[in-house]
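J.: Below is one structure. I have some questions about it.
The values are calculated or read from the model by the stated rules, or taken from the named source; none is laboratory data. These numbers were taken from a predicted model, which means no experiment stands behind them. Methodologically, a virtual Cβ is constructed for each residue, glycine included, from the backbone with ideal geometry; neighbour enumeration extends over all protein chains shown. Side chains included, ligands, DNA and RNA excluded: accessible areas come from the protein's heavy atoms. Shrake-Rupley method; radii C 1.70, N 1.55, O 1.52, S 1.80 Å.
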Amino acid sequence: MVREDIRFSCPLDCFDVCSIIATVENGRIIKLKGDKNHPLTRGFICSKGRKHLERVYHPDRILNPKKKNKGKWVDISYEEAIDEIATKLKNIKMQYGPEAVLHFYDSGYVGLSKSVDKMFFNYYGGATTHTGSLCWGAGIEAQKIDFGSNRSHAPQDLLNSKTIIIWGRNPADTNIHLMRYLSEAKKQGAYIYLIDPIRTNTAKIASEYIRIRPSTDGALALGIGNYLINENLTDIDFIKNHVKGYEEYKNYVKSFTLEVVQEITGIDKEKIRKIAENYGKNKPSSIIIGYGLQRYKNGGNNIRGIDALGALTGNIGIEGGGVNYSNKLISEYIGGEVEKSKTYVKNRRTYSKTKLGEFIMKAHNPPIKCLFITKSNPLVQVPNINKTIEAFKKVDFKVVIDIFMTDTARYADLVLPATSILEEEDFLYSSMYSPYLNYSNRVISPINGIIGEYELFRALAKRMDMIKYPDIDREEFFKRALKPLMESFDVGYEYLKENFFTIEDRIVPWKNKVFHTPSRRFELYSETAKQQGLSPIPVYIPSGEDRGKYKLRLITPHLKDSLHSQHFVFEQDIPTAYINNTTLEKNNLDIQKTAKIESEYGELEVKLEISEDIGDGIIMIYEGWWHRSGSVNFLTPDYISDMGEQAAYYECFCKLS
């Protein structure tokens, strides 16, 4: 009996990038456990990480290329699949140009090896690709406007904070390794606020939970800012030396009195005052922002309003401070062949990711003749999927690469199996929270001879005579990608394989108070925003006006046990809709019966569950459900946020019956 432990890392698009140990016996994985040697994840993994074992050996896994023949799936060889794809792509390019192919990708897998999909289509000449985001785009653009780039404090720096505001984030369910630092900070005396329309599990660790009306976060931030100014709780030196636009901001926020903000947000004015005083006086103060509060039409301004609080109080560039949203630390130093391939794009046509269905229907000169989908399940995850399904049906040739027959794969003409992280050697990192680069060993050989994306696109490039495409092995690809990082920090390739790498002097971003904005200051007033047609200062834009008979706002957060739709693959039940008792009674509903949720865009059958954690006039359903159960995105509109082209999922209004 041969038994060994092999270290790999979780590739899910998650905050933490856990390091995991797989125990292999006679060539088969028998168990997974957390890697105690990882400096951040320290041996604790969530249910999603443990499910890698179930998924790799699951009987429903796709093990062969499949082609749809008269509505039925038929297994074909890789040679047949590559020949057909190559022939179709060549013909489409010759007749219509490369823009007639739409490459849709997302972050279903975050390792370097599967980024070759983008490289392939760059060498193809530039397929149509998206701009914007389904996840975090408004917040990313907001912080680029304010700071110039996206950086957060290292996790351990929270232990220096005296006041912590968790604003619209639920680390108890979605960022579990943050919880240890929150717990330790609280033991040391830090006061922790949770601001959220939903009383999430994170409320258990908070010193105080603040319920806010959905979409009014910007008004609360502006009201706190006004109070800080009026009560002389600002850092005058920081503002004078490192902030642009203070006077313009000060004049705008004058109208956001405690009374006005109470009316808008539903938060008692005395609570608002106490939040402001704690944040301004009990320093250093840290803010941790989630993604939900930027999934409104006013999402970017919500984030800019919160960023401003850090600048007003000088809680930027200091230990225990920060306005933490994303952490693009490692990504700044990744280059290589994917980056180089961008120079081979002749004509890049783009569309807003949220508007996938609408774009396909309206595209001409050229029309979309092929959809090629990698690392994503858009027919579950994009908003207004009824429209997107109709658009998919109009496309002549559709290819999907995935581990399982997803709802998107079912609409394809050809499906190729994807490798699991357990079958890949790779390097992984996150731009959300974890500051570490993790090397991931191949644990087992690909089951049934599955060809992973790295070799698949390499073979496809050869078949299509792409002579410029880098015909290099995976290790050389990694070395070229990591070269900027290795040269910048004088580390070798073997060192990166053997150690968890981070940039040690980046624990506190903006320590030198030099920002990446045009003025080199934190920009309360931004010419960049003005040039984009936005307000140069953060403003409050009322969102969610009454939609006639659709009066209940639908909020669709992430489930603890699934990364978007990936872990709903085996779920057969219908979704649960959570409402409070007031909403139940106002809508004359019977808790014992299933209900119908209806919006302007579609409807769902749901089970009802009463929870006083949910605010009045709100329906909460976890996102990720597949079509057989009822995807929440049958209901959602394809609206876009004020900046960053973010999907405004939470501008969804429904009725219950």
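J.: Of all residues being open to solvent by 30 Å² or more (accessible area, probe 1.4 Å) and out of contact with any Asp or Glu (no Cβ under 9 Å at 6 or more places or on another chain) in the stretch 15-28, which is modelled with the highest pLDDT? Just the residue, please. Give the steps one after another, and end with the answer.
T.: Let us first name the residues in the stretch 15-28 that are open to solvent by 30 Å² or more (accessible area, probe 1.4 Å), namely 25-28.
From the residues that got through so far, the ones that are out of contact with any Asp or Glu (no Cβ under 9 Å at 6 or more places or on another chain) too are 26-28.
Working: 26: 93, 27: 93, 28: 96.
Among those residues, the one meeting the criterion is 28.
J.: For the stretch 193-207: of the residues being in contact (Cβ under 8 Å) with a residue 40 or more places away in the chain and in a loop (DSSP other than H, G, I, E, B), which is surrounded by the most Cβ atoms within 10 Å (Cβ to Cβ)?
T.: Checked the stretch 193-207; the qualifying residue surrounded by the most Cβ atoms within 10 Å (Cβ to Cβ) is 197.
J.: Please find, within the stretch 453-485, the residue that is most open to solvent (accessible area, probe 1.4 Å) out of those that are within 21 Å of residue 87 (Cα to Cα) and part of a loop (DSSP other than H, G, I, E, B).
T.: 467
J.: Checking the conditions here, which among 390, 358 is without any contact (Cβ under 8 Å) to a residue 60 or more places away in the chain, more than 23 Å from residue 244 (Cβ to Cβ) and open to solvent by 10 Å² or more (accessible area, probe 1.4 Å)? Full working, then the answer.
T.: Details: 358 fails: without any contact (Cβ under 8 Å) to a residue 60 or more places away in the chain.
Criteria check complete, one pass: 390.
J.: Now, a different point. Going through the stretch 123-137 one residue at a time, which ones are over 14 Å from residue 650 (Cβ atoms), open to solvent by 10 Å² or more (accessible area, probe 1.4 Å) and aromatic (Phe, Trp, Tyr)?
T.: Matches in the stretch 123-137: 123 only.
J.: Among the residues of the stretch 61-71, count how many are closer than 11 Å to residue 412 by Cα and assigned to a loop (DSSP other than H, G, I, E, B).
T.: 1
J.: Next question, about the same structure. Quick one: would you say residue 250 is surrounded by fewer than 20 Cβ atoms within 10 Å (Cβ to Cβ) and either at pLDDT below 95 or of a type in the set (D, E, K, R) (or both)?
T.: Considered against the rule, which asks whether it is surrounded by fewer than 20 Cβ atoms within 10 Å (Cβ to Cβ) and either at pLDDT below 95 or of a type in the set (D, E, K, R) (or both), residue 250 comes out as yes.
J.: Residues that are in contact (Cβ under 8 Å) with a residue 40 or more places away in the chain, open to solvent by 20 Å² or more (accessible area, probe 1.4 Å) and within 23 Å of the chain's Cα centre (by Cα): does the stretch 95-106 have at least one?
T.: Scanning the stretch 95-106, I find at least one residue that is in contact (Cβ under 8 Å) with a residue 40 or more places away in the chain, open to solvent by 20 Å² or more (accessible area, probe 1.4 Å) and within 23 Å of the chain's Cα centre (by Cα), so the answer is yes.
J.: Suppose we filter the stretch 72-130 for residues that are part of a loop (DSSP other than H, G, I, E, B), among the hydroxyl-bearing types (Ser, Thr, Tyr) and out of contact with any Lys or Arg (no Cβ under 8 Å at 6 or more places or on another chain); how many remain? Before the answer, list the steps.
T.: We begin by selecting, within the stretch 72-130, every residue part of a loop (DSSP other than H, G, I, E, B); these are 76-77, 97, 106-110, 112, 124-127.
Imposing the further condition that a residue be among the hydroxyl-bearing types (Ser, Thr, Tyr) reduces the set to 77, 107, 109, 124.
Remaining after also requiring out of contact with any Lys or Arg (no Cβ under 8 Å at 6 or more places or on another chain): 77.
Going through the stretch 72-130 one residue at a time, the tally reaches 1.
J.: Got at least one residue in the stretch 55-74 being surrounded by fewer than 22 Cβ atoms within 10 Å (Cβ to Cβ), under 25 Å from residue 481 (Cβ atoms), touching a residue at least 40 places away in the same chain (Cβ under 8 Å) and not hydrophobic (A, V, I, L, M, F, W, C)?
T.: No; the residues of the stretch 55-74 include none that is surrounded by fewer than 22 Cβ atoms within 10 Å (Cβ to Cβ), under 25 Å from residue 481 (Cβ atoms), touching a residue at least 40 places away in the same chain (Cβ under 8 Å) and not hydrophobic (A, V, I, L, M, F, W, C).
J.: So, in the stretch 590-612, of the ones that are part of a loop (DSSP other than H, G, I, E, B) and in contact with a strand residue (DSSP E or B) (Cβ under 6 Å, 6 or more places away or on another chain), which residue ends up most open to solvent (accessible area, probe 1.4 Å)?
T.: Within the stretch 590-612, the first condition is being part of a loop (DSSP other than H, G, I, E, B), and the residues that meet it are 590-594, 599-602, 611-612.
Next cut, in contact with a strand residue (DSSP E or B) (Cβ under 6 Å, 6 or more places away or on another chain) only: 591, 594, 599, 611.
Working: 591: 60, 594: 75, 599: 7, 611: 22 Å².
By that ranking, first place goes to 594.
J.: Looking only at the stretch 38-46, decide whether some residue is of a type in the set (Ser, Thr, Tyr), part of a loop (DSSP other than H, G, I, E, B) and surrounded by fewer than 22 Cβ atoms within 10 Å (Cβ to Cβ). If you could, list the steps in order and put the result at the bottom.
T.: We begin by selecting, within the stretch 38-46, every residue of a type in the set (Ser, Thr, Tyr); these are 41.
Then drop every residue that is not part of a loop (DSSP other than H, G, I, E, B), which leaves 41.
Adding the requirement that they be surrounded by fewer than 22 Cβ atoms within 10 Å (Cβ to Cβ) leaves none.
No; the residues of the stretch 38-46 include none that is of a type in the set (Ser, Thr, Tyr), part of a loop (DSSP other than H, G, I, E, B) and surrounded by fewer than 22 Cβ atoms within 10 Å (Cβ to Cβ).
Quick grid of which residues meet (1) of a type in the set (A, V, I, L, M); (2) closer than 14 Å to residue 552 by Cα:
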position: 578; (1), (2): no, yes
position: 582; (1), (2): no, yes
position: 590; (1), (2): no, no
position: 597; (1), (2): yes, yes
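J.: Oh, and also: All but one of (1) open to solvent by 20 Å² or more (accessible area, probe 1.4 Å); (2) out of contact with any Phe, Trp or Tyr (no Cβ under 8 Å at 6 or more places or on another chain); (3) small (Gly, Ala, Ser) hold for residue 336; state the number of the condition that does not hold.
T.: So residue 336 meets the others, but not (2).
J.: Need the failing condition index for residue 182 against (1) among the aliphatic types (A, V, I, L, M); (2) touching a strand residue (DSSP E or B) at 6+ places or on another chain (Cβ under 7 Å); (3) in a helix (DSSP H, G or I); (4) open to solvent by 10 Å² or more (accessible area, probe 1.4 Å), just the number.
T.: (4)
J.: Across the stretch 497-545, which residue is most open to solvent (accessible area, probe 1.4 Å) among those that are without any contact (Cβ under 8 Å) to a residue 12 or more places away in the chain and within 30 Å of residue 600 (Cα to Cα)?
T.: 545
J.: Follow-up question, since we're still on this one. Look at the stretch 419-433 and say how many of its residues are closer than 15 Å to residue 116 by Cα and open to solvent by less than 10 Å² (accessible area, probe 1.4 Å).
T.: Step one: filter the stretch 419-433 for residues closer than 15 Å to residue 116 by Cα, giving 419, 424-428.
From what's left, open to solvent by less than 10 Å² (accessible area, probe 1.4 Å): 419, 424, 426-428.
Qualifying residue count, the stretch 419-433: 5.
J.: For the stretch 17-37, how many residues are in contact with a Ser or Thr (Cβ under 9 Å, 6 or more places away or on another chain) and not in a loop (DSSP other than H, G, I, E, B)?
T.: 8
J.: Looking at 176, 140, can you tell me which residue is of a type in the set (Val, Ile, Thr) and open to solvent by less than 20 Å² (accessible area, probe 1.4 Å)?
T.: Values: 176 fails: open to solvent by less than 20 Å² (accessible area, probe 1.4 Å).
Answer to the check: 140.
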